Ligand code: FES
Ligand code: FES
């Protein structure tokens with residue numbers, strides 16, 4: 001049997017150049033996790049749960065249904081790009097203040113969806129926030145505190 005063809009790719013992740021060799025079917029999720037970006041979570045792997053959300057060239061994307069090859073030359077950001085323990089991103093701070101933090105599987109994706117959303121729509125309505133976060137599934141929340149946290153950031157930035 002012949003060897004499967006491998007393709008060279010190069011992209012930046014959290015502003016760091018990452019190169020690799022991938023199969024045509026390698027997902028961006030697997031590529032990221034195999035390069036130690038394990039903060040990108042593997043949930044359903046079929047595009048349903050939002051746990052694997054990263055920001056690619058300004059758009060929130062589901063890395064489990066994005067091919068690594070599609071990310072060639074792009075700028076990808078994971079939740080680790082947001083802030084540090086010493087200097088939390090306003091969204092991370094608001095999630096803490098509003099008790100909106102859920103588990104380590106769903107929260108990274110929620111934060112990245114919220115970040116990409118507020119970057120495009122800094123002053124959304126609550127309904128728009130609900131809609132934006134609707135692809136990030138968690139059966140353990142009523143979403144109110146998450147919407148409160150995102151809304152608080154949008155209001156704070158308007159001050
Ligand atoms: S792991 Fe990608 S959407 Fe669930
Ligand atoms: S899936 Fe993370 S707390 Fe519900």
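If you take all C-alpha pairs in the stretch 79-128, what percent of them are over 11 Å apart?
Everything past 11 Å amounts to 71 percent.
Would you kindly state how much longer the chain becomes between residue 99 and residue 23 on full extension, computed as 0.36 nm times their sequence separation minus their alpha carbon distance, in nm to one decimal?
Result for the pair: 23.3 nm of gain on full extension.
Sort the following peptides by mean Cβ neighbour count (other Cβ atoms within 10 Å, averaged over residues), highest first: 6-16, 91-101, 58-68.
Top to bottom by mean Cβ count within 10 Å: 58-68, 91-101, 6-16.
Using the 10 angstrom Cβ neighbour count as an exposure proxy, how do 143, 77 rank, fewest first?
The order, fewest Cβ neighbours first, is 143, 77.
Taking 7 Å along the Cα-to-C-beta vector as the label spot, tell me the residue 134-residue 35 distance in nanometres, rounded to one decimal.
Inter-label distance under the simple model: 3.3 nm.
Over the Cα atoms of the stretch 7-81, how large are the radius of gyration and the largest Cα-Cα distance (Dmax), in Å?
10.8, 29
Provide Rg and Dmax in Å for the chain, with only Cα atoms included in the calculation.
Reported Rg and Dmax, both Å: 16.3, 64.
Please list the radius of gyration and Dmax for the stretch 90-158, considering alpha-carbon atoms only, with Å as the unit.
Calculated on Cα positions, Rg and Dmax stand at 10.6, 31 Å.
Among 124-137, 20-33, how do they line up by average Cβ neighbours within 10 Å per residue, starting with the highest?
In descending order of packing, they fall as 20-33, 124-137.
Laboratory data are not the source of any read-out in this text; all were calculated from the coordinates shown. All figures in this text were calculated on a predicted structure; none of them were measured in a lab. Here the Cβ is made from the backbone with ideal geometry for all residues, glycine too, and neighbour counts use every protein chain on show.
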